[in-house]
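In what follows, a structure is listed as structure tokens, so that the remarks can point back to it.
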Amino acid sequence: MIHIRPADKRDAPTVFPWRNSENVRKSSLSSQKINWEAHNAWFNASLLSQEKRLFMIESQNMAVGCLRFDFLENDAVEISIYLDPLQCGKGYGKEGLLQGIAWLSNAGFNFKKIIAKILPENVISKALFQSVGFNPKYEVFELELT
Ligand SMILES: CC(C)(COP(=O)(O)OP(=O)(O)OC[C@H]1O[C@@H](n2cnc3c(N)ncnc32)[C@H](O)[C@@H]1OP(=O)(O)O)[C@@H](O)C(=O)NCCC(=O)NCCS
């Protein structure tokens, strides 16, 4: 049984090793390791931002993952989720995602869609998002200029 709760600044050290784990970095659009100072500054700024909401996913009061909503300009909310790498594959991602969507739907914000950016090779994430009703809409192609 899991639940989500709003994150606070005491959660920054918990999330830090998850953010830098191989599993999360390889699924992330920004795959560089980040240092503690940068992470902590980002985390605290995000908590204060009107454009973001951060949640912790907990199982029996132990933090197992985190969830973030970014309110975008075009009536869309971007969702991102990652777990403690030791806690993957136990259903926490799906349940956390469903609870996050339920919170967002009931929070009274004005938006029309929820989007998730997923790397093409991230099959688990694609399956997860599709299993709760997301559909692939478009692919982004990139040419890296040196
Ligand atoms: C993506 C992530 C949150 C999934 O959480 P999880 O708890 O491991 O996933 P769950 O156990 O809830 O499984 C959810 C669905 O994913 C799929 N899935 C899970 N593990 C899988 C695996 N090893 N292979 C294929 N599909 C898998 C299944 O479709 C599953 O749904 P089902 O059980 O109804 O069939 C987690 O793996 C993670 O933190 N990944 C790194 C960060 C990331 O990719 N974030 C998403 C970008 S926004």
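Tabulated data
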item: Cut-off under 5 Å, modelled amide H: who pairs with LYS52 long-range; result: PHE71
item: CD proxy at 222 nm, helix term only [per DSSP H run n ≥ 4: -39500 (n - 2.57); per residue of the chain; nearest 500]; result: -10000 deg cm²/dmol
item: 17 Å Cα-Cα reach of LYS137 towards aspartates and glutamates, excluding residues that sit fewer than 8 places from it in its own chain; result: ASP75, GLU78, GLU121
item: Whole-Å distance, taken between Cα centres, linking the stretch 3-58 and the stretch 102-146; result: 18 Å
item: Charge context of SER59, other residues only, Cβ under 14 angstrom, K/R +1, D/E -1; result: 0
item: Stokes-Einstein diffusion coefficient of the chain, Kirkwood radius over Cα pairs, 20 °C, 1.002 mPa s, in µm²/s; result: 134 µm²/s
item: Fraction of antiparallel bridges per DSSP, the chain only, in percent to nearest 5; result: 85 percent
item: Qualifying aspartates and glutamates (Cα of each under 14 Å from Cα of LYS126; at least 8 residues distant if same chain); result: GLU139
item: Cα gyration tensor shape of the stretch 73-146, rounded if a/c is under 1.5, else prolate or oblate by comparing a/b with b/c; result: oblate
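Only the coordinates and a few stated rules stand behind these numbers; no lab work does. Only a predicted model underlies this, so the values are computations on that prediction, with no experimental measurement involved. Cβ coordinates were reconstructed from backbone atoms using ideal geometry, including for glycine residues, and neighbour counts include every protein chain displayed.
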